[in-house]
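Please read the structure below before turning to the comments.
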Amino acid sequence: MSDDDSTKWLETLEAAVHQAAETIERLRTERDELAARVEELESAGGQSQDEGAEAWREERKEIRKRVEKLTNRLEDLLEED
């Protein structure tokens with residue numbers, strides 16, 4: 001067996017290890033970017049849910065006020081008879 005044959009497997013192993021290390025680094029970067037994006041979306045989702053709930057409460061309050069006005073008007077009309 002020549003020196004070339006005895007070190008060829010080592011060179012192949014080194015190349016595979018380097019490629020694996022690069023892949024791991026790339027995946028870690030992607031993971032960190034995705035985690036940041038998830039956090040951003042969760043924060044934005046929470047805000048829009050809060051804003052949506054507040055808008056719903058305001059709309060409900062406005063509808064209640066208008067219904068009470070209509071009810072009062074109907075009661076006034078009934079009292080006039």
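The values are calculated or read from the model by the stated rules, or taken from the named source; none is laboratory data. Everything numeric in this text was worked out from a predicted model, so none of it was measured. Heads up, the Cβs are rebuilt from the backbone with ideal geometry, glycines too, and the neighbour counts pull from every protein chain shown.
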- Message: Here is a check on your reading of the model: is LEU41 at pLDDT 90 or above, surrounded by 10 or more Cβ atoms within 10 Å (Cβ to Cβ) and of a type outside the set (Gly, Ala, Ser)?
- Response: no
When the range 44-73 is checked residue by residue, the ones that are modelled with pLDDT under 85 and among the polar types (S, T, N, Q) are GLN47, SER48, GLN49
